[in-house]
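The values are calculated or read from the model by the stated rules, or taken from the named source; none is laboratory data. Remember, it's a predicted structure, so these values are computed and weren't measured experimentally. Counting neighbours? That spans all protein chains shown, and the Cβs are built from the backbone with ideal geometry, glycine included. What goes into the accessible areas is simple: the full protein's heavy atoms, side chains included, and nothing from ligands, DNA or RNA. Shrake-Rupley method; radii C 1.70, N 1.55, O 1.52, S 1.80 Å.
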Amino acid sequence: MTTSFAPRIFSGIQPSGGLTLGNYLGALKRFADYQGQGAETIYCVVDLHAITVWQDPEKLRHNTREVAAAFMAAGVDPSVSVLFNQSQVSQHAELAWLFNCVARIGWMYRMTQFKDKAGKNSENSSLGLLAYPSLMAADILAYHATAVPVGEDQKQHLELTRDIAAKFNHDYGVNFFPITEPLIEGTATRVMSLRDGSRKMSKSDPSDASRINLTDDADAIAQKIRKARTDADPLPGSMEGLKDRPEARNLVNIYAALTGETGDQVLARFEGQGFGAFKPALADVAVTALAPITRRMTEFMADPAEIDRILGRGSEKAAAISAPIIERTKEIMGMIRSR
Ligand code: AQP
């Protein structure tokens, strides 16, 4: 028997620090575009994911509100999309446990994000950090989401979500969970650190100079771009010429993503010029694109109680969708429900 699933988009962002240009270009910027396109849109501040590494409680509260403000500043409308924080909807943690018993430990150890974050001392990392992808599968499948817009770094976790859905369906002889599609689109699916072209830009990178934060002002943005690591060669006429120049390629990709051009279109204008000319131009487009977002975030953050109310209403809507799906999951697995 084949079941068809209604189109539903889910995506989440961790409140594990201030948001970066990478989060914006790789994910956030696209979220509003999916609204009103025929699929239901569900967006979540994934605070249960954030605590897989230590979070100061006061900062976690602040960052949760700030990520919600960023969603709205980037155009997510809580009257159109479901916008909420993960810990208010208990179905996420409940389904994650059920999936912990479906997923295999070996699948978790293979995740590059676990290896990166656990580092050499993996025995000392939280159990939650290892099980992170199982919770992510629960976030997505608790809504029977059919597509997930993410940056390139989340591709491996999305594949694991598909594996968990397929194994559950196979083990219980059902077609209950959809095999979710990743939506990894655009010219900036993997924005790299400004200090090291081999590492992704990340909100938890200890070096603030490695990233542009959505809360940075024009001076900070210009200064970080001026200091960004590059090489001494002039820019070529096409992206092909940047194959072995990761830092230069990263800056051109950022420019292209911000202006909506292709890298080749950008290079057609800057061919033969050095970074002395390119970096100020990049700083200008970054400030132009980010200043309105930063301003709207500040406006939303001026009323934290209203953000909490929006998250509360979103959580009720989210629970109304996910609760019957989790009840049915437990029924399929053989659990008795006597109420
Ligand atoms: N550098 C990046 N380039 C493109 N997309 C990115 N994303 C993250 N970094 C980049 C995308 O942003 C969304 C939210 O990510 P997340 O907060 O759930 O966690 P993450 O992927 O682990 O992002 P960070 O910034 O690196 O957080 P920390 O430092 O806490 O681990 C995802 O869609 C992600 O792909």
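Which of Gln154, Gln113, Gln265 moves most in a GNM of the chain, Cα contacts under 10 Å?
The residue that fluctuates most here is Gln265.
Which of Ala74, Ala96, Ala39 moves the most in a Gaussian network model of the chain with Cα springs under 10 Å?
Evaluated over the chain, the most mobile residue of the options is Ala39.
Using Stokes-Einstein with the Kirkwood hydrodynamic radius over Cα pairs, what translational diffusion coefficient do you get for region 87-195 at 25 °C and a viscosity of 0.890 mPa s, in µm²/s rounded to a whole number? Provide the component values of the computation, followed by the final result.
Working: Rh = 14.8 Å.
It diffuses with D of about 166 µm²/s by this estimate.
Dipole of region 102-224, Cα-centred, from +1 at each Lys and Arg C-beta and -1 at each Asp and Glu C-beta, to the nearest 20 debye? Before the final figure, lay out each step's value.
Working: 15 positive and 16 negative charges, 83 e Å.
It comes to approximately 400 debye.
At q = 0.09, 0.11, 0.12 Å⁻¹, what log₁₀ I(q)/I(0) does the chain have when each alpha carbon counts as one equal point scatterer in the Debye sum?
Scattering profile of the chain, log10 relative to I(0): -0.50, -0.74, -0.88.
Only Cα pairs under 8 Å and at least 6 apart count here; give the relative contact order of region 126-195 as a rounded whole percent. Working shown, then result.
Values: 64 pairs, mean separation 27.0, N = 70.
This gives 39 percent for region 126-195.
Just to make sure I understand: if all protein chains stay in place, what is the order of Thr146, Thr215 by accessible area at 1.4 Å, largest first? Kindly include the intermediate steps, with their values, before the conclusion.
Working: Thr146 35, Thr215 75 Å².
Reading off the accessible areas and sorting them downward yields Thr215, Thr146.
Using a Debye calculation, one point per C-alpha and no hydration shell, please list log10 I(q)/I(0) for region 183-339 at q = 0.20 Å⁻¹ in order.
Normalising to I(0) and taking log10 leaves -1.25.
How large is ³J(HN,Hα), in whole Hz, for each residue of region 320-333 in order, when computed from phi with the Karplus curve 6.51 cos²θ - 1.76 cosθ + 1.60 and θ = phi - 60°, using x for Gly and Pro?
5, 7, 7, 4, x, 5, 6, 4, 5, 4, 5, 4, 4, 7
Keeping all protein chains in place, calculate the accessible area per residue for region 150-198 (probe 1.4 angstrom), answer in Å².
Details: 2140 Å² over 49 residues.
So region 150-198 comes to 44 Å² accessible per residue, rounded to a whole number.
Given a 1.4 Å probe and every protein chain left where it sits, what share in percent of the accessible area of the chain is carbon and sulfur?
Values: 8040 of 15760 Å².
Accessible surface attributable to carbon and sulfur in the chain totals 51 percent.
What is the distance in Å between the Cα centroid of region 74-88 and that of region 237-270?
33 Å
Per DSSP helix of 4 or more residues, -39500 (n - 2.57); summed, then divided by the residues of the chain. What does that give at 222 nm, rounded to the nearest 500?
Working: 12 runs with 165 residues, N = 339.
Mean residue ellipticity at 222 nm (helix-derived): -15500 deg cm²/dmol.
Using amide H atoms built 1.01 Å from N in the peptide plane, name the residues 5+ places from Met192, or on other chains, whose amide H lies under 5 Å from its own.
Hits under the 5 Å cutoff: Met201.
When the chain is fully extended, how far beyond the present Cα-Cα distance does Lys115 get from Glu331, taking 0.36 nm per residue of separation?
Working: separation 216, 0.36 × 216 = 77.76 nm, distance 3.52 nm.
Taking Lys115 through Glu331 to full extension adds about 74.2 nm, to one decimal.
Cα-based Rg (one decimal) and Dmax (whole number) for region 260-339, in Å?
Spelled out, the Cα radius of gyration and Dmax of region 260-339 are 24.7, 73 Å.
Could you order peptides 189-197, 101-109, 287-295 by the average number of other Cβ atoms within 10 Å of their residues, highest first?
On the way: 189-197: 20.4, 101-109: 13.1, 287-295: 16.1.
Top of the packing list down: 189-197, 287-295, 101-109.
In sequence order, what are the phi-derived ³J(HN,Hα) couplings for region 134-143 according to the Karplus relation 6.51 cos²θ - 1.76 cosθ + 1.60 with θ = phi - 60°, rounded to whole Hz, with x for glycine and proline?
Once θ is set to phi - 60°, the couplings for region 134-143 become 6, 5, 5, 4, 5, 3, 7, 7, 4, 10 Hz.
If you roll a 1.4 Å probe over the heavy atoms of the protein chains, what accessible area per residue do you get for region 230-309, in Å²? Write out the running numbers ahead of the final one.
On the way: 3870 Å² over 80 residues.
Computed with neighbouring chains in place, this is 48 Å² per residue.
Quick one: Cα convex hull volume of region 208-298, Å³ per residue? Kindly include the intermediate steps, with their values, before the conclusion.
Working: hull volume 7.6 nm³, N = 91.
Cα-based convex hull of region 208-298, divided per residue, equals 84 Å³.
Relative contact order for the chain: what is it in percent, counting Cα pairs under 8 Å that are at least 6 residues apart? Kindly include the intermediate steps, with their values, before the conclusion.
Working: 523 pairs, mean separation 78.7, N = 339.
Relative contact order here is 23 percent.
Name the lysines eligible as straight-distance cross-link partners of Lys243: C-alpha to C-alpha under 24 Å, and not fewer than 8 places from it in the same chain.
Partners within reach: Lys155, Lys200, Lys224, Lys227, Lys279.
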